[in-house]
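First the structure, in the form of structure tokens, and then the observations on it.
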Amino acid sequence: MAIPSVSISAQPTLALFDTQINRQPVGEARYLSFPDGVLYLHEADLVSFRLRRPDAPPYVYDGQTWFPLSDMAGVNFKVNEAKQTIQVNLSAQAFVPNALADEANTYVPPTVSSWGGFVNYDLLASGANGIQQLNGMLDANIFAPYGTLNSSFVGQNLWSQTRQPRSYIRQNTVWSYDRPGEMISIQVGDTQGRGGLWGRPVSYGGLRWSRNFAMQPGFVTTAVPILAGEAVLPSTVDLYIDGVAQKRMNIPPGPFSLSDFPQMSGQGEAKLVVRDSLGREQIIIAPYAATDALLKSGVFDYSVEVGAIRQNYGLVSNDYGHIMAAVTLRKGWSDRLTVEGRSELLREQQTLGVGGSVLTVLGVATASVASSRHNTRGSGNLFTFSLDKQKAKMNFGIRGQSSSANFVQIGGTAGAVNEFRTFSANLGWQVASGHSLGASLVQRKSLNQSVNRVASINYSTQIGKGFSLNASLLATLSEPKNNSIMFFLTKAINDRGGVAMFSANAQKGGFEQPTLQVSQAAWQNGELGYRAQWTGGKNQRQEAGVTLRSQKANYTADASRALATTNYRLGIQGGLAMLKGRAFATQQIKESFGLVRIPGYPNIEVSSNGLPTVKTNADGDALLPDLYAYRNNVVAINPLVLPLDAQLASSNITVVPYQRSGVPIVFDIKRSRSVVLTLMLQDGKPAPVGMSVRVGGVTETFTVGLRGEVFVTDLGDTNKFQAEWHGKTCQFDYVMPTNANTTIYAEPMVCTGVIR
């Protein structure tokens, strides 16, 4: 679209001024100066300085566009012709608004998987007074650009001293295909549905098509406050959530807004503290309410499920029952109201329900109502409600549910009478720093009018250095009544997860089952973890075990003694992964893995996201088993451990894998073939300091140092050199020695034709 321009009869002159805006140097800029003192700023400099286009029409001169400086918001300026400088003062409205964002929350498409696979296994040999049987679990995965196929199995009595019959049970087999750009997940096979406000998640075999917001971790599903302000000078912004510092950002002058918050939960207060370069401070505060029960306006969530309900799951491999269909729909009607609908359909029963969540001054209130019809049992109804409020130092909630006798739903027990009423309430309060108090009440009233009512009070505190105490009172208020108190005293014995704990249960008869436990986890490969436990009272028990963590597996050995019987357990948990034709033994893979390649560099430590390191093998390969799916994973190596002749493009690489897949991670490292040359001039004296040397085919210029020495890198087999000093040049050839991979100190070379 053509830019409307203004016509000015007087001829301007072109000026180049060193510019300051609001006392901040911004560099040189081009201006058109008119005889009456009016200045126009070049369009490219206007964009470079992040200035708004003024409403006044631009001036086109010599085919270029210029904008009047005097029409910018809050402007005044002063020109120093002698020094060719200009000082410009502008209001914040003169700048382009700046939307602050956290790069960590920016969506990065995951790397499309190539063909590969991995297997997790868990083998456990156990027995009383000796090893008597071997059981195991297997989780197999194949991934490709078309999705992931997963199947899991349990094997019992794989080996048995008493020749017990072997059994193999298939747990799940499912093909999954994710579309992260749309946050859509498609699953065909054994999967689990979504319950919604009143439904029950059920395992079934069939199809599930659903929204999955976890594929874009930076996508915020709930409404967050927008904190907006303006800065005249470059400023620093600190974000606080409930008084806790979250992040710091630097902002340029101009209006700004922040709606890209870190993960929050509950209700509280967000605060921005803005400090400019002169030390002036402004504070911006806004309340927030973040909960999974609420979707921000316009966000749509759904799950469509069709298939056969699993029966005797974990006991029988292929026991499928009734065909069912279920649909759950949720939408953020507004930032404060989310509505939901769910329908369930079986041949003999149908259930339909609606509900919603609304943000009130008392908290997030949720309610739902459902109605069912059964071919033989007739109609039934269900009603649920809840109110939750969570703040930094206090939270409370109440919830209730009422069901009629004939209400039926997917996941319910066939033929069961479902009439009941439940009510619960909970309160949590941080009394002071390190001291918290909680209380809860649960009541259930069934069809026969029997009432079960249980209350509990919990108190936790920090005692001394590294000690924490937790005490719980549990009281059964209905018949038969019973009261008990549980004590937990915990002491951190080191900063690597070592813990000592004492617990006891006090009832009318005195203390029961006093227990003392000491444990240390094995965090890094090569570490040894341990666990020891003693339990007293009527049923005395002693346990002890060790865990050895290696790069390839975890090895465990445990023994326990109770009732004059000693039980032994030996276990191994690990995985096998394959990608790009390479196979590796590894720790179990929970989400995704990465195949790191540093060809020719064995025994190099590689870490990911600050988790335990692995080392490259003889080929320079290593497998990272603990990458997070759909998140930015920073994979790093320490450049200081590389040989001096290694040139590393970057010491860290960020990768984003799909769920249950593997990604190749190749570090760009090459060996630099370099030489230290000693240049001598024609008169036999060393070349002077500062003399320049170039190699044919290489754009970099190398400089001669003391004693005529120059360090030259990236050499080939045969190299043509050119040296220059005060307009005089010389040329010479140098042939690298065979198999030279490190720095060579060459014999002196004479630069003929160049003298001082």
Multiply the residue gap between Ser114 and Lys580 by 0.36 nm, knock off their C-alpha separation, and tell me the result in nm, one decimal place. 166.9 nm
Can you work out the Karplus-derived ³J(HN,Hα) for every residue in the stretch 492-501? Use 6.51 cos²θ - 1.76 cosθ + 1.60 with θ = phi - 60°, whole Hz, and x for glycine or proline. 6, 9, 7, 9, 10, x, x, 9, 10, 9
Search the structure for amide H atoms under 5 Å from the amide H of Glu269, placed 1.01 Å from N in the peptide plane, and list their residues when 5 or more places away or on another chain. Asp242, Tyr288
Once you place label points 7 Å from the Cα toward the Cβ at Phe420 and Leu528, how far apart are they in nm? 4.9
Report ³J(HN,Hα) in whole Hz for each residue of the stretch 571-581, in order, from the Karplus equation J = 6.51 cos²θ - 1.76 cosθ + 1.60 where θ = phi - 60°; Gly and Pro get x. x, 9, 10, x, x, 10, 10, 9, 7, 6, x
Below 8 Å, C-alpha to C-alpha, sequence gap of six or more: please give me the relative contact order for the chain in percent. 7
Can you pull out the trypsin sites (Lys or Arg not before Pro) in the stretch 96-177 whose DSSP state is coil and whose Cβ has at most 15 other Cβ atoms within 10 Å? Arg163, Arg166
Under 5 Å between amide H atoms, partner at least 5 residues away or on a different chain: which partners does Asp714 have, H built in plane at 1.01 Å? Arg673
Loop-resident sites, the stretch 39-90, for trypsin sites (Lys or Arg not before Pro), counting at most 11 other Cβ within 10 Å (DSSP): Lys83
Just how large is the dipole of the stretch 227-290 about the Cα centre, in debye to the nearest 20, putting +1 at every Lys and Arg Cβ and -1 at every Asp and Glu Cβ? 120
Work out the length of the dipole vector of the stretch 13-96 about its Cα centre, built from +1 on the beta-carbon of each Lys and Arg and -1 on the beta-carbon of each Asp and Glu, and round it to the nearest 20 debye. 300
Which whole number of Å³ per residue matches the convex hull of the alpha-carbon atoms in the chain? 278
With a point put 7 Å past each Cα toward its Cβ, work out how far Thr718 is from Val339 in nm, to one decimal. 8.1
To the nearest 20 Debye, how big is the dipole of the stretch 675-751 about its Cα centre, given +1 on the beta carbon of each Lys and Arg and -1 on that of each Asp and Glu? 200
Using 0.36 nm times the number of residues separating Lys670 and Phe153, minus their current alpha carbon distance, what extension gain do you get? 181.7 nm
Net +/- balance of residues flanking Val518 in space, Cβ distance below 10 Å, scoring K and R +1, D and E -1: +2
The FRET efficiency for Lys685 and Asp733, from their Cβ-Cβ distance with R0 = 22 Å and rounded to 0.05, is 0.50
Cα shape, the stretch 275-360, gyration tensor, a/c 1.5 rule: prolate
Going through the stretch 525-621, which trypsin sites (Lys or Arg not before Pro) have at most 11 other Cβ atoms within 10 Å and a DSSP loop state? Lys538
In deg cm²/dmol and to the nearest 500, what is the mean residue ellipticity at 222 nm of the chain if only DSSP H runs of at least 4 residues count, each as -39500 (n - 2.57), divided by the residue total? 0 deg cm²/dmol
Tell me which of Pro252, Ala214, Leu239 sits at the most positive position along the dipole axis of the stretch 208-310, charges placed on C-beta atoms (Lys, Arg +1; Asp, Glu -1). Ala214
What number, in percent, do you get for the relative contact order of the stretch 348-394 if the mean sequence gap of Cα pairs under 8 Å and at least 6 apart is divided by its residue count? 35
Stokes-Einstein translational diffusion, the stretch 224-381 - Kirkwood Rh over all Cα pairs, 1.567 mPa s, 4 °C, in µm²/s: 66
If you wrap a convex hull around the alpha carbons of the stretch 227-290, what volume per residue comes out, as a whole number of Å³? 72
Can you put His435, His374, His42, His726 in order of Cβ neighbours within 10 angstrom, beginning with the fewest? His726, His435, His374, His42
Cα pairs beyond 18 Å in the stretch 13-96, in percent, come to 34
Potential lengthening between Arg163 and Ala228 on full extension [0.36 nm per residue; Cα-Cα distance subtracted]: 16.1 nm
Residue by residue through the stretch 337-343, which ³J(HN,Hα) values in whole Hz follow from phi under the Karplus form 6.51 cos²θ - 1.76 cosθ + 1.60 (θ = phi - 60°), with glycine and proline marked x? 9, 10, 10, 9, x, 9, 10
Does anything in the stretch 647-685 have its amide N under 11 Å from the 7 Å Cα→Cβ label point of Thr703, and if so which residues? none
Counting only residues 5 or more apart in sequence or on a different chain, those whose built amide H sits under 5 Å from that of Val299 are Gly332
For the stretch 169-214, what are the per-bin percents of Cα-Cα distances with bins 5 Å wide, up to the bin holding the maximum? 6, 21, 24, 25, 17, 6, 1, 0
For the stretch 173-254 the translational diffusion coefficient, Stokes-Einstein from a Kirkwood Rh over Cα pairs at 10 °C and viscosity 1.306 mPa s, in µm²/s, is roughly 94
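Laboratory data are not the source of any read-out in this text; all were calculated from the coordinates shown. A quick note: this is a predicted structure, and the numbers were derived from the prediction, not measured. Backbone-built Cβ (ideal geometry, glycine too); neighbour counts: all protein chains shown.
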